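What follows is a short report on a single structure.
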Amino acid sequence: MLYDKAYFDQPVDRSNTGSKKWDKYKNSDVIPFWVADMDFATPDFILSSIQERLNHPVMGYSDYEPQLNESFTKWLLKKFDWEIDPGWITWTPGVVPGLNLAARSLVPDSSILVPTPIYPPFLEIAENANLEGIPTKMEEENFRYSLDFELMSRNLKPETRAIFISNPQNPTGRSLSSIELDALSRFVLENNLILVSDEIHCDFILDDSCTHLPIIKQCPSLREQVISLYSTAKTYNIPGLRCAAAIIPNSDLRDRFRKVMTGIVPSVGPLESLGSIAAFSDETNWSSELNDYLKSNVALLKQALGNRMRIPESTYLAWIYVDDLKLDDPESYFARHGLGISPGYLFGDNRFIRFNFACPKSLLMEGTERLKIAINKALKKNL
């Protein structure tokens, strides 16, 4: 099957599916643009691979790890020209569990640096592991964010053992350049840290001048001090099928990671495994057509909002400036205007809101009209 604009234009009714995104505003006129899953139909070859397994009458214990390893390593080689040892891979039920396992792999009483703004679960990782989290603001100029190495250096403590990042970055949409990754590598090596890198949005490159560079491939000297996390969940719109790969070249670190999993974190199930294998083995035009559609979506949003946002280099998330609106509760305010958004304070910066534009254009166009109305009303009120 070939995917095209008409495929992504097609609305999908997600009622009565237990959708976290849509059920929050059930029985209301609010359109949800908050949770980072897409409102496009999952590609048929993913669903077919799962359905084929469901057609068998026994859903017993299973082990798809060899097939997962093979499909994932082939995908890395094809996409990034990066060959890895399959022994480096540990499969977890999602990237967020992987982040938490990484924190639990550190020595007790450690502290971790977390550049902000950042996806909210990052801000909970330290507490979940009984560690100290050190949120550290990124530098920002004209809504373009970069790591602030001077501030991170000042915030380091003797017990700081790790830095947790997302690249591509959620919510700002940055995709770190080779120069930035090299600087990050030097910082990590000089301070003897572990770098934990969530790279789940690596397939979404909206700026043609950018490319995703896997940190371990880009900075081989850092290899022994990195945990990189990958998943097909975002690209193929299967976040409900929780499956992620943790790439950990350091055998001691990998052993600690696996030890904290034992008896607590389940192995990846058969449906999750088969969906991921199908995704890693994709030979269709899904990803390229999806990115083209997202580029046209964000162009519409940018046209509506002007200098309130910067077109993200990656992801399908817009980081929109609303500080001048002087809203006490942005989430409630926009909900009253028919919009479900993610308030910036959850990410560590209350001047912004996050808006998910991965949806059919009919939905996005209605959403942008509501956004403009809501913003103009707030501006007039403040005159």
Out of VAL196, VAL265, VAL188, a Gaussian network model of the chain with alpha-carbon springs under 10 Å gives the largest mean-square fluctuation to VAL265
Taking Rh as the Kirkwood radius computed over alpha-carbon pairs of the range 65-280 and applying Stokes-Einstein at 37 °C with viscosity 0.692 mPa s, one gets a diffusion coefficient in µm² s⁻¹ of 189 µm²/s
Phi angles of the range 91-103, converted by Karplus (6.51 cos²θ - 1.76 cosθ + 1.60, θ = phi - 60°) into ³J(HN,Hα) in whole Hz with x for Gly and Pro, give 8, 10, x, x, 5, 4, x, x, 4, 5, 5, 4, 5
Filtered hits (aspartates and glutamates, Cα-Cα < 13 Å from LYS137, offset >= 8 within chain) -> ASP148, GLU150, ASP349
In nm, the gap between the two label points placed 7 Å beyond Cα toward Cβ at TYR61 and LYS380 is 6.6 nm
The range 4-69: Kirkwood hydrodynamic radius (Cα pairs, Å) comes out at 15.1 Å
GNM on the chain, Cα springs under 10 Å; top mean-square fluctuation among LEU271, LEU77, LEU131 goes to LEU77
Once THR211 and ALA183 are pulled to full extension, the length gained, defined as 0.36 nm per residue separation minus their Cα-Cα distance, is 8.4 nm
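Report, in deg cm²/dmol and to the nearest 500, the calculated mean residue ellipticity at 222 nm for the chain, where each DSSP H run with n ≥ 4 adds -39500 (n - 2.57) and the sum is divided by the residue count.
-11500 deg cm²/dmol
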For the pair LYS24 and ASN155, the simple spin-label estimate (label points 7 Å beyond Cα toward Cβ) gives in nm 2.4 nm
Those GluC sites (Glu not before Pro) from the range 203-302 that are DSSP loop and have at most 15 other Cβ neighbours within 10 Å turn out to be GLU283
For SER228, other-chain or 5+-apart residues with amide H closer than 5 Å (H placed, Pro excluded) are SER197, ILE247
Any lysines whose Cα falls less than 30 Å from that of LYS377, other than same-chain ones fewer than 8 residues away, would be LYS20, LYS21, LYS24, LYS26, LYS295, LYS302, LYS326, LYS361
To the nearest 0.05, the calculated FRET efficiency linking LYS372 and TYR345 through their beta-carbon distance, R0 being 22 Å, is 0.45
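Per residue and in cubic angstrom, what volume does the convex hull of the Cα atoms of the chain have?
Numbers: hull volume 55.6 nm³, N = 383.
Convex hull volume per residue, Cα atoms: 145 Å³.
So for the range 65-280: antiparallel DSSP bridges make up what percent, rounded to the nearest 5?
On the way: 10 of 28 bridges.
Counting only bridges with both partners in the range 65-280, antiparallel ones make up about 35 percent.
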Simple spin-label estimate for GLU139/GLU83, 7 Å along Cα→Cβ, in nm, reads 3.8 nm
The chain: longest segment with zero exposed trypsin sites (Lys or Arg not before Pro), where exposed means DSSP loop plus at most 13 other C-beta atoms within 10 Å, is residues 27-325
The lysines whose Cα lies under 18 Å from the Cα of LYS217, excluding any fewer than 8 residues away in the same chain, are LYS74, LYS78, LYS79
Note on the range 43-83: the mean projected area of its alpha-carbon convex hull, in nm², is 3.7 nm²
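Every number here is computed from the coordinates shown, using simple stated rules; none is lab data. Model, not experiment: these values are computed from the prediction. Neighbour counts are summed over all protein chains in view; Cβ atoms, including those assigned to glycine, are modelled from backbone coordinates with ideal geometry.
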